[in-house]
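Taking it in order: structure first as structure tokens, then the write-up.
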Amino acid sequence: MLYREAGQFKTTYAQDMAMFPIRQDRIAFILLLALAFLVVPLLAKLQIWPFGGEYLLRAILIPFLILSLAAIGVNILVGYCGQISLGSGAFMAVGAYSAYKFGTGINIPLAWLGTAIVIPPLPVLPSILLGGLMAAFAGVLFGVPSLRIKGLYLAVATLAAQFFFDWVFLRVPWFTNYSSSGSVNAPALNFFGLTMNSPIERYFICLSFVTVFALLAKNLVRGNIGRQWMAIRDMDIAAELMGIRPLYAKLTAFAVSSFIVGVAGALWAFVYLGSWEPLAFSIDRSFQLLFMVIIGGLGSILGAFLGAAFILVLPILLDQVPHALGIPISVETVSLLVFIITGSLICYLLIVEPHGFARLWSTAKEKLRLWPYPY
Amino acid sequence: MIAFGQFLEILIGGLLSGVLYSLVALGFVLIFKASGVFNFAQGAMVLLAGLALVRTLDFLVARGLPFWAAVILGVVFAAAVMAIAAFVIERYVLGPLVNQDGLTLFMSTIGITFVLEGASQMIFGADNYPLRLFPTDAWFLFENQFPGGILVSKLDVWGGLIAGVLVTALAIFFQRTKTGRALRAVADDHTAAQSVGIPISWIWFVVWLVAGLVALVAATVWGTKLGVQFSITFLALKALPVLIIGGFTSVPGAIIGGLIIGAGEKLAEVYLGPSIGGGIEYWFGFVLALAVLMVRPQGLFGERIIERI
Amino acid sequence: MLRTFFLMATAAIGASVAVAPALAQQNEQYVPALVYRTGPYAPNGIPFANGVMDYWNLINERDGGINGVKLAPEECETGYATDKGVECYERMKSKGATGAAYFSPLSTGITFALTEKVPADKIPLLTMGYGRSESRNGAVFPWNFIAAGSYWTAADVAIQHIAKELGGADKLKGKKISLVYHDSPYGKEPIPALEARAKQDGFTFKAIPVTHPGVEQKSQWLSIRQDRPDYVLLWGWGVMNPTSISEAAAVGFPRDKIIGVWWAGAEPDVVPGGAQSAGYKALMLQHGAGKYQVHADIEKHLISKGKAQVKAEEAGHVLYNRGLLNSMIGVEAIRTAQKKFGNKPLTGEQIRWGFENLDLTAARIKELGFEGMIKPMKFSCEDHQGADEARVHQWDGKEWKIISDYYTADRKILDPMVKDASAKYGAEKKIDARDCSKES
């Protein structure tokens, strides 16, 4: 009834190709943005339930936004270009540590030239973006094998990147500014002269990054390059015969994906953790991201958000339910139950909806179109 | 002479500990061969089998049973647990997922991993349970030629022997028995196998059961080495480079891949490690595997991948 | 599918409404516990968590709370993962009438992350025997309390013990000492202290990393076998420790030449190795295994009534005792703070005052039933560690036997290190160090 596109005529190709061709979608999107940018901070400011205290903002929304961003990055590689990667955690780490190095200044003495590469400490925003850029380089480097290795073999091969970077950041003291313990602290979050420290401000930082990158990604996958990626995903040999260069398509996918993942990694380190060690970007993180993408829906930007919400929130929710209901079972049992329930739900979702939440969403939209009079 | 002795010692130690990885990798290969499922849950299955075995063993020994009888009963019980797990996995997860693509199946096995990890710790406990089935001390060979001799761990030798027996048994099972032949038929072509009357769900149950039993064997060796506890699931990750070097579909490949990875990473750690900081063996195996893949994208012994449009 | 999904979503929303904050109890002090009872480090996490919880419950059962203020304990499972620990912290920090009293994460990674967060939330972090060694300096780290000893203390005491076994510090010269460590901030912490001692005493020091979780150590021990160091220090946690011991046994390295840190010196570390572990030594965070007066109270008030978390036969194990001690220090800090702020639930900031003014005298330790377990400790604004002593115990195959007197770490070496490292941290974070002479 509400969701009916009758009477909306598209008179130009531009309208037909728009990101949200249906008016209701546009309104919903704007409402969502308004909710995220205005209502949530306002509620948090006024401490109205459920935003009493900082828990929801700090422990749920901020990690959710950052992981959604990372999931968008992974989705570009896995969902759009069909290259399975288990090394996303490593690219997050590359982003985080490079941003840290740029943020604290770089000094590489080149003794044999009698000079040195000196970069003064950069502000936080350029550091984060440069961190993403470094991750993109790493991504391209480890993407080269994808030209020859395919499918699950590639998935396992990307683990080489995961373990290699885990090791590099543990063992090369230069990356941690020779910190004795190997753990590093993020520089102060200073954006354009303002120090962002309260949870609301941090939430804004993440939200802005996510909005910008989600829109960029959405536009990228609708364009020429996105279509090349999808052609490669669906059948790389056929795509090659049609004149798409696999080298270019695959490596750009690796670069763009790793860039976004790297930015997410830098945010995770700077905004969420504040102090971190390589274990924060371990293989578990890679699996978590891959889960988000698959549960959310391969090849869908929306899916990245839905998947991130599901994988992040479900265990936290399950963890708190028995306590809130006053059921006296030990945390040990609860956390094991969380394992079992999460695992079974993942299997269940894969069985009933292998295309993820995003497909569910579009089915819902189809039904809504005809509601309440389906034929 | 000392240097050569050391080299020999590390080489032997590496080769043997590589065979221990192969024990875990074998389970992967079996399932991939028969159903195209990349079974990430193999590590969790080792944990489940080990916990079932060691807890029964402890229980029975505490009740005054002689050790050998307790071991037999424990193995029988653990095998039964693995059979139940195989049945449940086939019936409720992989059966409904038939004909999905490899990535979905792979993800579902990670879901299974979570369930197995949670359930096995919930039922059997989350502590570290020591298991002592094999001797853990070492032989010192050629003490006349090399000062201090060449150390060979008895447990590793046991592991090697067991792996040898296991591979022979599997080869006989695949080549000589009716179920084994049916299994190979299913591996070649699901639909064709089904149309000549091979019950696919039964075959898959058998495959998961066999993989479960392989996990049980791996658990006896690894449990003796590390104690049975949660970290045993990390073995799945150590088995992956073995798997890619050998190829996902080759049983002997799993053994040879294990030998290459084991020797390669131990030698690298000892000879290359100190100059670049140590702790390199975790990624070295993967990089070695990556290098092999660049030359042969299907692994050393994998079936050739033929692509058609 | 769509319908099922809607049902599930409704259920989830219903559940999250149910999770809405329950009414806080007015006259109770909320004490959160970050624990790990599952995952790779569970064998060590479980006994510690049992000790922490049992002591709090003992206070409630035996004394009716601290001066009438009941404790409201709650556990949150971290699984030793930093992000999960941070989530638990955010969830628990403002619960209860006055917010969380203090946190003890029992994980170096979580400690590092929380160190960044506690100054804003004004909650003390009690990290007994782990965490940032430089956080001893309370002027730069006002909220961290690295009670009883840091890894640098441990490293120093270990070297002192080796010197004593060799027959004097001068005998260290030319000796080889290797460190086998968990490759993480936890394992790396002692390296600067050991390097400093190596320079001073002239022994050769070598650090050998073991990758998390430490199930694969063959190459490390084969190279030790070739190297033949005089002593091996073991800085492991969880499954890494028993694996190290069994690998050491396999390569024939004498167990009584291995000295573990106090996190590598408990029952889960040696029991799996069976007879192989006999002779293995480890530092004690002052206390060791065994039962004392407080255990009798726990037996009487908790175990016999079925209210204890610990199994009767495991009371008195090393990590259980450490859990008790951890809670005891926390409870005494709250008690100290109550003297100033009144007998009511206190905020984290008030409890920090309690920590800084905590003076555990020998008489008080006896009163509390901990006599023989620990020596007196006294905290202050500048000293958040409170003690520098440690002992060494040895596993004889059945139980831990104390084999040394108290050693006192050499603050001449460690204090400048603490000062340098905390100054570096302060500069990085732009913290203005407090002036401790002006604190009341």
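The values are calculated or read from the model by the stated rules, or taken from the named source; none is laboratory data. On a predicted model such as this, the values are computed, not experimentally measured, just so you know. Neighbour counts run over all protein chains shown; Cβ positions are idealised from the backbone, glycine included.
Can you say whether A:SER181 is assigned to a loop (DSSP other than H, G, I, E, B), over 21 Å from the mean Cα position of the chain (by Cα), within 14 Å of another protein chain (Cβ to nearest Cβ) and surrounded by 19 or more Cβ atoms within 10 Å (Cβ to Cβ), as far as the supplied structure shows?
Yes, satisfied.
Of all residues being within 14 Å of chain B (Cβ to nearest Cβ) and surrounded by fewer than 18 Cβ atoms within 10 Å (Cβ to Cβ) in segment A:113-145, which is farthest from A:LEU251 (Cα to Cα)? Just the residue, please.
A:LEU141
Please enumerate the residues belonging to segment C:150-193 that are aliphatic (A, V, I, L, M), more than 11 Å from chain A (Cβ to nearest Cβ) and either free of Cβ contacts under 8 Å to residues at least 24 places away in the same chain or more than 26 Å from B:TYR282 (Cα to Cα) (or both).
C:ALA154, C:ALA155, C:VAL157, C:ALA158, C:ILE159, C:ILE162, C:ALA163, C:LEU166, C:ALA169, C:LEU172
Any residue at all in segment C:162-178 that's surrounded by 24 or more Cβ atoms within 10 Å (Cβ to Cβ) and modelled with pLDDT under 90?
no
Based on this model, can you work out whether A:LEU61 counts as modelled with pLDDT of 85 or more, within 24 Å of A:THR211 (Cα to Cα) and within 14 Å of chain C (Cβ to nearest Cβ)?
So A:LEU61 fits the description; yes.
Mind checking which pairs have a first residue in segment C:30-48 that is part of a strand (DSSP E or B) and a second that is of a type in the set (Lys, Arg), Cβ under 6 Å, 6 or more apart or different chains?
Every condition considered, the pairs that remain are C:TYR30/C:LYS95.
Go over the candidates A:LEU77, A:LEU133, A:LEU154, A:LEU141 one by one and state the one that is part of a helix (DSSP H, G or I) and modelled with pLDDT under 90.
The unique qualifying residue is A:LEU154.
I need a count of the residues in segment C:194-225 that are in contact with a helix residue (DSSP H, G or I) (Cβ under 6 Å, 6 or more places away or on another chain), in a loop (DSSP other than H, G, I, E, B) and within 11 Å of chain B (Cβ to nearest Cβ).
5
Based on this model, can you work out whether A:THR158 counts as within 23 Å of the chain's Cα centre (by Cα), within 14 Å of chain B (Cβ to nearest Cβ) and not acidic (Asp, Glu)?
For A:THR158, the condition - within 23 Å of the chain's Cα centre (by Cα), within 14 Å of chain B (Cβ to nearest Cβ) and not acidic (Asp, Glu) - is met.
Run C:ILE431 past the list (1) part of a loop (DSSP other than H, G, I, E, B); (2) surrounded by 20 or more Cβ atoms within 10 Å (Cβ to Cβ) and report the number of the one that doesn't hold.
C:ILE431 satisfies every listed condition except (2).
For segment B:260-270, check the following and say yes or no: at least one residue is assigned to a helix (DSSP H, G or I), within 14 Å of chain A (Cβ to nearest Cβ), crowded, with 23+ Cβ neighbours inside 10 Å and of a type in the set (A, V, I, L, M). Spell out the reasoning first.
First, the residues of segment B:260-270 that are assigned to a helix (DSSP H, G or I): B:260-270.
Filter again for within 14 Å of chain A (Cβ to nearest Cβ), leaving B:261, B:264-265, B:268-269.
Add one more test, that the residue is crowded, with 23+ Cβ neighbours inside 10 Å, and what stays is B:261, B:265, B:269.
Among the residues that remain, those that are also of a type in the set (A, V, I, L, M) are: B:261.
Yes.
Cβ-Cβ under 6 Å, sequence separation 6+ or interchain: first residue in segment A:324-349 and closer than 19 Å to B:GLN121 by Cβ, partner aromatic (Phe, Trp, Tyr). Which pairs?
A:PHE339/B:PHE114; A:THR342/B:PHE114; A:GLY343/B:PHE114
Going by the structure shown, is A:PHE51 modelled with pLDDT under 90, part of a loop (DSSP other than H, G, I, E, B), out of contact with any Leu (no Cβ under 7 Å at 6 or more places or on another chain) and among the hydrophobic types (A, V, I, L, M, F, W, C)?
The answer is no for A:PHE51.
Every residue in segment C:391-415 that is more than 23 Å from the chain's Cα centre (by Cα) and free of Cβ contacts under 8 Å to residues at least 12 places away in the same chain, please.
C:LYS398, C:LYS412
If a residue counts only when it is more than 9 Å from every other protein chain (Cβ to nearest Cβ) and at pLDDT below 85, which helices (runs of 4 or more DSSP H) contained entirely in segment B:90-194 have at least 1 such residues?
Where helices (runs of 4 or more DSSP H) fall fully within segment B:90-194 and carry at least 1 residues being more than 9 Å from every other protein chain (Cβ to nearest Cβ) and at pLDDT below 85, they are B:154-176, B:178-188.
Can you report the number of residues in segment B:297-309 which are buried (at least 18 other Cβ atoms within 10 Å of the Cβ) and either more than 7 Å from chain A (Cβ to nearest Cβ) or in contact (Cβ under 8 Å) with a residue 40 or more places away in the chain (or both)?
From segment B:297-309, those buried (at least 18 other Cβ atoms within 10 Å of the Cβ) are B:297-302; that's our starting set.
With either more than 7 Å from chain A (Cβ to nearest Cβ) or in contact (Cβ under 8 Å) with a residue 40 or more places away in the chain (or both) added as a condition, the list becomes B:298-302.
The number of residues fulfilling the criteria is 5.
Just checking, which of C:PHE103, C:PHE112, C:PHE48 is within 22 Å of A:PRO63 (Cα to Cα), crowded, with 23+ Cβ neighbours inside 10 Å and more than 9 Å from every other protein chain (Cβ to nearest Cβ)?
C:PHE103
Kindly establish whether A:MET17 is within 14 Å of chain C (Cβ to nearest Cβ) and either within 30 Å of B:LEU290 (Cα to Cα) or not polar (S, T, N, Q) (or both). Break it down stepwise before answering.
Values: within 14 Å of chain C (Cβ to nearest Cβ): no; either within 30 Å of B:LEU290 (Cα to Cα) or not polar (S, T, N, Q) (or both): yes.
Against the criterion (within 14 Å of chain C (Cβ to nearest Cβ) and either within 30 Å of B:LEU290 (Cα to Cα) or not polar (S, T, N, Q) (or both)), A:MET17 does not qualify.
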